[in-house]
Every structure is written in C-alpha cells, then in structure tokens.
Amino acid sequence: MSGFAPRDDIMPWSRTPRTRMEVARPAFPDELAPLAMEGAELQGGLLAGGLRRSYGDSCINDGGALIEMTGLDRFIRFDRTSGLLEAEAGVSLAAILKLVIPAGFFLPVTPGTKFVTLGGAIANDVHGKNHHRAGTFGRWIRSLSLLRSDGSEPTVTDDDTSGLFAATIGGLGLTGIITRATLQVMPIASSNMAVETIPFGNLAEFFALSAVSDASHDYTVAWIDCLAKGDRLGRGIFTRAGHASDGELRVKPPGGPSMPIDAPGFLLNRFSIAAFNEVYFRLAGRARQSTMSYDPFFYPLDAIGNWNRMYGPRGFYQYQSVVPPEVAAEVTAEMLRAISDARQGSFLAVLKTFGDMASPGLLSFPRMGTTLALDFANRGGSTLWLLDRLDAIVREAGGRLYPAKDGRLPPAMFRAGHPALDQFTTHLDPGMSSTFWRRMTL
C-alpha cells in the first residue's frame, strides 16, 4: 500500500503557485527509507520538504512526490559543554532555540524566521545579519546523514573530500534526504540584544555606516525606502547589535496575532507603500540605543501569523540579489532607480553587506558583496517586467539571485550566477527533483 496521498493545497510561502503532489509524512525514522525508494520511482521524482518558508519553487515538486519531514523532529544529543547539538532534520529552529537558550547557547546563524527546519536551513544554506562575522549556516554543520534514493545513508562531515558535503550544503534537497545533522551552537550570556538604530539619508551614508559597523558589531542590517529619489535615494534605518553581556536566558513564548484572511489586493499600491515608508522613516528615524529580546530583533515578522496573506490572493514575489563589492554602490543605486521608476515599491526592503567568509556549499547564495532583498505584490506582467529589468542589472554586474527566494529565476541567470553548477550535478541523486530544478534544467 502506498505511503503517499495526493494533495493540491501545498504552496511556497509566496503563495504562487498552487501545486499537486503525492505527499507522505513519516513519524518514525524507519518509515523513511521505504518512502524514499517509493517516491523516487514516481513520475516527477521525490523531494523532502520542511515548513515551506522558501518563497520560490525550490520547496515544491509539482506532479511529483514530497516527503514532509516535520514529523521527524527529535533531538538526539546535546552537549552543554561543547555546544554540539545533533537532531533529526525535521526539528525547527524555534524548537532548537527553546532547548539551547536556557543552557546559554544560541543559533550561530539564523534567517529572518525561526519557523524553518534544520534540514531546510542546511539545504538552502541560510544566512543572517551576522554573515560578515559568522558566514552561512552551513559553516556550522559538523556532520549530516543523507538518505539516497537507492536506500544508502552515508554520513558526511565538514572535512569531507568527496564533494558530497559541499553539494548538500545549499544543494536545495537534490542530493538526497537530509535525515539528521550535528550543529555547533554558540554560547551567549543573555537572550537579550543590545541594539542601536541610526538613520541615514542616502546610499553613500549606508555604505559608510556599514563599513564602520561591520568592524564593530556582530549583527548589521538596514531597512531602506526603495521609493525615495534624488539626494534621498536609498535612505533608511541602519541597525547594529550584539548579544547583551548579561541578563536573563528566556525563550519567548509562542503566540501572537494572525492574518485570518487574504488582504484585498488593492491595499498594496505605490501610494500606500510610499506613505508607509515615509511614516516609518519619520517614526524610526532617530538614533537610539535599546535592549530587547532576541525574538523581535531576529524575527519581527514571526510575530504575525500568516503574514504572507497581506499581499492578497495573488501572492507576491521576493527578489534577493547579491552583487560584488567593487560595483555595489552604483549597481544598488541603479536597481533602486528602476524600482522607483516602475512605481512598484516594497516596504520590506532590506540591504546588507556580506563578508568575505566563503560559503561551504557549491550552490550557496551568499558571496562577498551587497545583498538587496525586496517583496513585490504580484501584479502580473508589470511585476515580471520589473524583475526582468532587475535581472539584467544584476547579471551585468556579475551578481546572482537566491533560489530559495525566487520563483521565477530564469535558468540562464541561475547558471551564470553559479559557476560550480557542473561540479554540483555530479552529486545529484537521480531520484530527487523539484519544480525549481526541472525549470532550471529542462
């Protein structure tokens, strides 16, 4: 009897597009190998999935099979002296925080949501506000076990010379199913953050602030007003922070408001976004220092359940690029001018510099340079035209896009941005696939 059942209600976080897949959700490790071999034989192949916080189509397998790993979420070992944590791949970052914070530890790297599985964080080699100090998530993985579609389950370590570890870190789940991993967590004295916010008037001021702050602070990031023009192009609010030197070790309890329905699509337009950006800049636009819990600092959007519904029933596109440091100032300015001219702003616009810590994965997104992340409500052809325009700017600059964030990344753009692609394909599991991968390779 098949362990898979048809589902047509699964979507990426951007809510574009809806798909139909054969889905299984194992609860115990011994269920996984038979399901993997069965799913790999189905038309469309097999993909392992987590909490589906990827914005694009790398987390779905339309017409194929999907194994939901969230039922395999057990902790195996936690050494409170060394900070080594071994867990099944379906455990969430939220659950890891609940375990390690009271013991005086924290995630060494975290994305902007804690509702990501350990396996998903590895498969996308996620990054955070401290890339200039800590690099990507994959740099802190010491070993991982990988179930292949032929039933084998090798364990590879971070000193692996075969190339399989490097292919799996950031490998989008295409080298096999990550079943468990060992993560090095880092010690902290407090769960609070010492935070400083500084307004800046334009892009030149951002780059000056970033250079100084990356040298002095563990975490740096900026919100920018992507509709500002002229002398105010790229104005925004710069945030820099570090873990507090003393205080409580407290986990934030779950809960909070949630978006119960889709917001009407007309609410997000250039006028409402421009008004929001102006109000936000004026309210937040004063230099100040504060102490806050880790949760609102790292995960502000997690406070609103189903926040993706605010973009309406048509969903949205997220666009995240990175461009080399030597051209970052002029290229970022060109991108912001294109967005402003198209009158399709984003109020979730984030700008940050990546450091020189090389990512361990062959397909990892971060590289030294400047990264710009934006959300655009899906307005059909006009939005896709703008994204094509941004593609041209990024590609000419020698940059790349983030596959986990982008559901319409052109194959030629993907290949141009990932020179290790041919090396990566030698480690593909022939039974694994995804909507994204077929779109890139077919």
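The values are calculated or read from the model by the stated rules, or taken from the named source; none is laboratory data. Quantities reported herein were computed from a predicted structural model and do not represent experimental measurements. Every residue, glycine among them, receives a Cβ derived from its backbone with ideal geometry; neighbour counts consider all protein chains shown. Heads up: the accessible areas ignore ligands, DNA and RNA and are worked out on the full protein's heavy atoms, side chains in. Shrake-Rupley method; radii C 1.70, N 1.55, O 1.52, S 1.80 Å.
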Quick one: F316 ticks every box in (1) open to solvent by 50 Å² or more (accessible area, probe 1.4 Å); (2) in contact with an Asp or Glu (Cβ under 7 Å, 6 or more places away or on another chain) except a single one, so which number is it? (1)
Among A392, A416, A333, which is aliphatic (A, V, I, L, M) and over 29 Å from L174 (Cα atoms)? A333
Index of the failed condition, G369 passing every other in (1) under 21 Å from the mean Cα position of the chain (by Cα); (2) on the phi < 0 side of the Ramachandran plot: (2)
Segment 417-441, subset open to solvent by less than 20 Å² (accessible area, probe 1.4 Å) and assigned to a loop (DSSP other than H, G, I, E, B), residue nearest to Q320 (Cα to Cα): H418
When L348 is evaluated against the numbered criteria (1) touching a strand residue (DSSP E or B) at 6+ places or on another chain (Cβ under 6 Å); (2) outside any strand (DSSP E or B); (3) at pLDDT 95 or above; (4) under 30 Å from G119 (Cβ atoms), which criterion, by number, is the only one it fails? (3)
Scanning segment 293-304 for residues that are open to solvent by less than 40 Å² (accessible area, probe 1.4 Å) and under 23 Å from S58 (Cβ atoms) gives F298, Y299, D302
State whether the residues of segment 100-111 include one that is open to solvent by less than 10 Å² (accessible area, probe 1.4 Å), within 14 Å of the chain's Cα centre (by Cα), under 21 Å from D218 (Cα atoms) and of a type outside the set (S, T, Y). yes
Matching residues in segment 124-142 (touching a residue at least 60 places away in the same chain (Cβ under 8 Å) and assigned to a helix (DSSP H, G or I)) number 6
Could you pull out the residue among I178, I224, I169, I188 that is within 24 Å of the chain's Cα centre (by Cα), touching a residue at least 40 places away in the same chain (Cβ under 8 Å) and farther than 30 Å from I101 by Cα? I224
